[in-house]
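**Student:** Mind looking over this structure? Questions follow.
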Amino acid sequence: MWFPCFSYSLFFISFVSLFCSLTVITADDGYDNWGDFGKLVDAEKGCNISGMAELKKYFHRFGYLPIPDTNFTDEFDSRFETALVSYQTKLGLPVTGKLDSNTISQIMAPRCGVSDAVHRLYTTQRYAYFYGKPRWIRPQPVLLTYAFLPDHMIEYISMSDIRAVFNRAFDRWASVIPVNFAETEDYSTADIKIGFYQGDHGDGEPFDGVLGVLAHAFSPENGRFHLDEAETWSVDFKVQKAKVAVDLESVATHEIGHVLGLAHSSVKEAVMYPSLSPRTKKVVLKMDDVEGVQALYGSNPNFRFSSLLESDTSSADALKWPIFLVFAIFGFIYFWCS
């Protein structure tokens, strides 16, 4: 009985390894745009470690640390500890005040370039708004136009596919608020201006290459919506096999939330959570997203919260299947060996 047991155990280990390898990309893959932050894991107040100054620049970029009177240092000081606690609180992480592995993983994850800037935003315990709670002021019924800048598009995805992705993303928000969206060919007069850019592109928020910052958009009624051209954008993971592929529809849906006036949420399941892993699709609006945007614009008269709850339940049930399968295999091995 020992040999079958050993064989099934190997199968189980291989299955779990395959399952885990489908979604995990680490700094060892060479796509870490945040510097070598992995070496800072387990650092705490009082430490002095090379690389801490770069991490402080990251915290400044996303709104947690002000610019010091002198250059950032490599010391884990009280000021940085306070910033770290704010970061962990804002992003729904265990609040340890240390650079534990969960926090380092979150820091190194690809994310939206919009600052979390907790001290400058109007926040609830979950969703948040930009300072002053700006929103689009238009006569009823509200119609916002959007356009793509022809000179700043990507060539490896067809315009028809890009249009389809953005149409679905805009429709998703329109289904919950009394705001409609329509594409226009006139880029100069469009309310929302969409384009792919590289590096420093003149808005004070430079892109940084593969992963790192994926995109950013500005609060109402600015309308600028920029995506990092250097990313490997995907509309179908079955076609785009790259480990660093980023789902265009997920990022589009998130950034439209910013265009409408939502800031980053602390709810990890929400579309407005700031980070998105490669090869991950996250397009379904959650209760947090809907409550946040409806507080700005009101509810679409055809929207039903029950449909949102049904969607959340279906997503949760779908997630249970891989976990159930792993435990079923483990149970079978245990039964066979005993």
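**Student:** Which whole-Hz ³J(HN,Hα) couplings does the stretch 229-237 yield from phi under the Karplus relation 6.51 cos²θ - 1.76 cosθ + 1.60, θ = phi - 60°, glycine and proline marked x?
**Tutor:** Each residue of the stretch 229-237 in turn: 4, 6, 5, 8, 7, 9, 10, 7, 5 Hz.
**Student:** Something else: Please turn the phi angles of the stretch 180-195 into ³J(HN,Hα) values with the Karplus equation 6.51 cos²θ - 1.76 cosθ + 1.60 (θ = phi - 60°), one per residue in order, whole Hz, x for glycine and proline.
**Tutor:** Each residue's phi maps through the Karplus curve to give 10, 10, 9, 6, 10, 7, 8, 4, 5, 9, 5, 5, 10, 10, 10, x Hz.
**Student:** Also: Amide H to amide H under 5 Å from Ala215: which residues, 5+ apart in sequence or cross-chain, H placed 1.01 Å off N in plane?
**Tutor:** Here the answer is Gly113, Asp228, since their amide H atoms fall under 5 Å of that of Ala215.
**Student:** If N is the number of residues in the stretch 186-317, what value comes out of its Cα radius of gyration divided by 2.2 N^0.38 Å?
**Tutor:** Cα Rg divided by the expected 2.2 N^0.38 Å: 1.12.
**Student:** Applying a 10 Å radius around every beta-carbon, put 248-254, 263-269 in order of their mean neighbour count, most first.
**Tutor:** Order by mean packing, descending: 248-254, 263-269.
**Student:** Let me ask another. Taking amide H positions as placed 1.01 Å from N in the peptide plane, with prolines and chain starts having none, which residues 5 or more places from Asp74, or on another chain, fall under 5 Å of its amide H?
**Tutor:** Ala53
**Student:** Too long at a 21 Å Cα-Cα cut-off: which of Lys243/Lys281; Lys56/Lys193; Lys241/Lys282; Lys39/Lys241; Lys90/Lys133?
**Tutor:** Violating the 21 Å limit, Cα to Cα: Lys56/Lys193; Lys39/Lys241.
**Student:** Under a 5 Å amide H to amide H cut-off, with H placed in plane at 1.01 Å, what residues pair with Val179 once short-range neighbours are removed?
**Tutor:** Under 5 Å from the amide H of Val179 lies no amide H from a residue far enough along the sequence or on another chain.
**Student:** Assuming 0.890 mPa s and 25 °C, estimate D for the stretch 32-107 with Stokes-Einstein, Rh taken as the Kirkwood radius over Cα pairs, in µm²/s.
**Tutor:** D = 201 µm²/s.
**Student:** Once you have the Cα-Cα distance between Glu44 and Ile137, take 0.36 nm times their residue separation minus that, and quote the gain in nm to one decimal. Intermediate values should be presented prior to the final figure.
**Tutor:** Details: separation 93, 0.36 × 93 = 33.48 nm, distance 4.66 nm.
Value of the extension gain: 28.8 nm.
Computed from the coordinates by the stated procedures, all read-outs in this text should not be read as laboratory data. No experiment lies behind these values; they were computed from the predicted model shown. Reconstructed Cβ throughout: ideal geometry from the backbone, glycine too, with neighbour counts over all protein chains shown.
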